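To keep things clear, I will list the structure first and then write my remarks on it.
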Amino acid sequence: QVQLVESGGGLVQPGGSLRLSCAASGSIFVINAMGWYRQAPGQQRELVALIDSGRSTNYADSVKGRFTISRDNAKNTVYLEMNSLKPEDTAVYYCNAVIRTSASVFVRPRDYWGQGTQVTVSS
């Protein structure tokens, strides 16, 4: 069993900052890519940022220069530092991780998701 637990969401004024955290626990052999997605009401879930096992990163154009993704492999945790927040950043933010639960070549990596954390940007 693998669990991803997010924290750090909340209400913030435009221009403010928030830091999201997501900790993975359970039967983890290795974590490959980790990332953050978001889903606003009535819209599809979209990629916000990704970080691979070598710490290479990829961002949605809408958050480049404002958001920073990072990871702490010792803690199996991924972070999302969000600055200069805008009302259009309002959404439920979901953590994702591609995890291998065994060293066996017969056990393939799979996607795991957190439960989501609400981020609301409003004055």
Using the Kirkwood formula on alpha carbons, the hydrodynamic radius of region 22-76 in angstrom works out to 12.5 Å
Here the equivalent ellipsoid of the chain, derived from its Cα gyration tensor, has semi-axes (largest first, whole Å) of 27, 14, 12
The chain: relative contact order from alpha carbon pairs under 8 Å, six or more residues apart, as a whole percent, is 36 percent
Quick shape summary for region 1-53, equivalent ellipsoid via Cα gyration tensor, semi-axes whole Å in descending order, reads 24, 14, 12
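To the nearest 0.05, how large is the calculated FRET efficiency for Val107 and Lys86 if R₀ is 41 Å and r is the Cβ-Cβ distance? Intermediate values should be presented prior to the final figure.
Working: r = 41 Å, r/R0 = 1.01.
Efficiency computed from Cβ-Cβ geometry: 0.50.
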1/(1 + (r/R0)^6) with r = Cβ-Cβ of Ser27 and Ser62, R0 = 41 Å, i.e. FRET efficiency to nearest 0.05, evaluates to 0.70
A 1.4 Å probe over the protein heavy atoms gives region 11-66 a carbon and sulfur accessible-area percentage of 46 percent
With no solvent term and unit scatterers on the alpha-carbon positions of region 54-123, Debye gives log₁₀ I(q)/I(0) at q = 0.22, 0.23 Å⁻¹ of -1.14, -1.20
The simple spin-label model distance between Gln3 and Ser122, using points 7 Å out along Cα→Cβ, in nm, is 3.0 nm
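The values are calculated or read from the model by the stated rules, or taken from the named source; none is laboratory data. These numbers were taken from a predicted model, which means no experiment stands behind them. Every residue, glycine as well, gets a Cβ built from its backbone with ideal geometry; the counts of neighbours run over all protein chains shown. Accessible surface is based on the protein model in full, side chains and every heavy atom, while ligands, DNA and RNA are left aside. Shrake-Rupley method; radii C 1.70, N 1.55, O 1.52, S 1.80 Å.
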